[in-house]
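Notes follow the structure.
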Amino acid sequence: MTTQTIAPVLKTTAPRRLGPGAWLAMLFLVLVAVAAVFPGLLVDGKPGDADVLSALQGPGGDHLLGTDANGRDLLVRIVYGARPSMLAGLGATALAVSVGTLLGLLAGLGGRIADEIVMRLADVVLSLPSLLLALLILVVTGPGTANSIYAIAIYTTPGFARLVRIQSLVIRRSPYVEAAVSLGLHRTRIILRHIVPNVFAPLLVLATIEVGTALVAAASLSFLGFGPKPPTPEWGAMLAGGSEYFQVAWWVSVFPGLAITLTVLALTVSGRALQRWAEGRTS
């Protein structure tokens, strides 16, 4: 018997089609990705270009979304702000997924003692208010994008660890894994070939949604002054910078806030659509 014969068999039912809302969300995320990687393709000028004579100019004319208190074009700054904003969300999620996967596999496959240690640590982290924990970490380590990523990853890791643990416990009792064990396959090969690939689908769905959560957390930390240092165009910092002018120049805060909201909404819709698509393939 070859190892291919003990792999899980998926049903042949056709996967569910993605709706127009999902396609629209993914299209918006592609636009955000282009803004993050190649901002010069979408706008002219630089985020630091200031014109005092154009300070707090309303939307329209030469400045489609208006200008801030220093006369800097908001559209340009929002486009260039996609990179540090998404870097924080993606970086924190990638770190949390990596560490969470290792801890989840350790808890699910490492025996009772390892399971107890990992899960109790996860319970301790989850019992603390997430934003308060992040702020405490940043007070100790100092502000900045890298430290924000570490702080966000610390309190999001337990969620991924729990998911991987549950999935690995279920999969290790499945017939094809038991067959692989009976054939004498090495434990590492079983984990890498049969357990990890089947944990990946639900992990990817959760990660897609959690990028939005991490993005909001990073923006919140920047709003409080713990994000990238000025004049870096980051959405949360831009939102904070415009709050004091809201009565006379609402656009300085509204448009960066709208960028955060639409990006998080697009990530959530895409994650839910990905979940339904995966269930249509495997259920």
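The values are calculated or read from the model by the stated rules, or taken from the named source; none is laboratory data. Here the structure is a predicted model, which is why all the values come from computation and not from measurement. Positions of Cβ are backbone-derived with ideal geometry, glycine not excepted, and every protein chain shown enters the neighbour counts. All accessible areas refer to the heavy atoms of the entire protein, side chains included, with ligands and DNA or RNA removed. Shrake-Rupley method; radii C 1.70, N 1.55, O 1.52, S 1.80 Å.
What does the charge count around Leu102 come to, taking other residues whose C-beta lies under 15 Å from its C-beta (Lys +1, Arg +1, Asp -1, Glu -1)?
Within the 15 Å Cβ shell, the charges total +1.
Roughly to the nearest percent, how much of the accessible area of the chain is carbon and sulfur, given a 1.4 Å probe?
68
Which whole-number percent of Cα pairs in region 18-155 have a distance greater than 20 Å? Intermediate results must be reported in sequence, preceding the final value.
Working: 6182 of 9453 pairs.
Cα-Cα pairs in region 18-155 separated by more than 20 Å: 65 percent.
Report the normalised scattering of the chain as log10 I(q)/I(0) at q = 0.13 Å⁻¹, calculated by the Debye formula with identical scatterers on the alpha carbons.
Debye curve over Cα of the chain, log10 I(q)/I(0) at q = 0.13 Å⁻¹: -0.93.
Tell me, what is a quarter of the convex hull surface for the C-alpha atoms of region 116-264, in nm² with one decimal?
Convex hull of Cα atoms, orientation-averaged projection: 11.3 nm².
Please give the net charge around Glu116, taking every other residue with its beta carbon less than 12 angstrom from that of Glu116, where Lys and Arg add +1 and Asp and Glu add -1.
+1
Given a Förster radius of 45 Å and the C-beta distance between Asp62 and Thr268 as r, what FRET efficiency does 1/(1 + (r/R0)^6) yield to the nearest 0.05?
0.85
Running a GNM on the chain with Cα contacts under 10 Å, which residue among Gln247, Gln57, Gln167 ends up with the highest mean-square fluctuation?
Gln247
Given bins 5 angstrom wide, list per bin the percent of all Cα-Cα distances in region 200-283, short to long.
For region 200-283, the binned pair fractions read 3, 15, 19, 18, 14, 10, 8, 6, 4, 2, 0 percent.
Evaluate the charge dipole of the chain about its Cα centre and quote only its size in Debye, nearest 20, assuming +1 on the Cβ of each Lys and Arg and -1 on the Cβ of each Asp and Glu.
Values: 20 positive and 14 negative charges, 299 e Å.
Dipole about the Cα centre, nearest 20: 1440 debye.
How far is helix 145-172 tilted, in degrees, relative to the longest principal axis of the Cα atoms in the chain, given as a value from 0 to 90 rounded to the nearest 10?
30
Using a 1.4 angstrom probe, figure out how much accessible area region 33-98 has per residue, in square angstrom, rounded to the nearest whole.
48
Check Gly227: other-chain or 5+ apart residues with amide H under 5 Å from its amide H, H built from backbone geometry?
Close amide H contacts, sequence-distant or interchain: Gly144, Ser222.
Which value in deg cm²/dmol, rounded to the nearest 500, describes the helix-derived mean residue ellipticity at 222 nm for the chain, given -39,500 (n - 2.57) per DSSP H run of n ≥ 4 and division by the residue count?
The helix-only estimate for the chain comes to -23000 deg cm²/dmol at 222 nm.
With an 8 Å Cα cut-off and a minimum separation of 6 or more residues, compute the relative contact order for region 198-248 in percent.
The normalised contact order for region 198-248 reaches 26 percent.
Using only the alpha-carbon atoms, how far is helix 130-141 inclined from the longest principal axis of the chain? Give it as 0 to 90 degrees, nearest 10.
Once rounded, one gets 70 degrees.
In nm, what is the difference between 0.36 nm times the number of residues separating Ala114 and Phe38 and their Cα-Cα distance?
22.9 nm is the gain from fully extending Ala114 to Phe38.
Note down the nm distance, to one decimal, between modelled labels 7 Å out along Cα→Cβ at Leu128 and at Phe200.
3.3
Could you work out how much longer the chain between Leu258 and Val52 gets when fully extended? Use 0.36 nm per residue separation minus the Cα distance between them, nm to one decimal.
Residue separation times 0.36 nm, minus the Cα-Cα distance, leaves 71.7 nm.
Whole-Hz Karplus ³J(HN,Hα) for region 47-52, in order, using 6.51 cos²θ - 1.76 cosθ + 1.60 and θ = phi - 60°, x for Gly and Pro?
x, x, 5, 10, 9, 4
Does anyone have the angle between helix 196-223 and the longest principal axis of the chain? Alpha-carbon axes, 0 to 90°, nearest 10?
The angle comes out at about 20 degrees.
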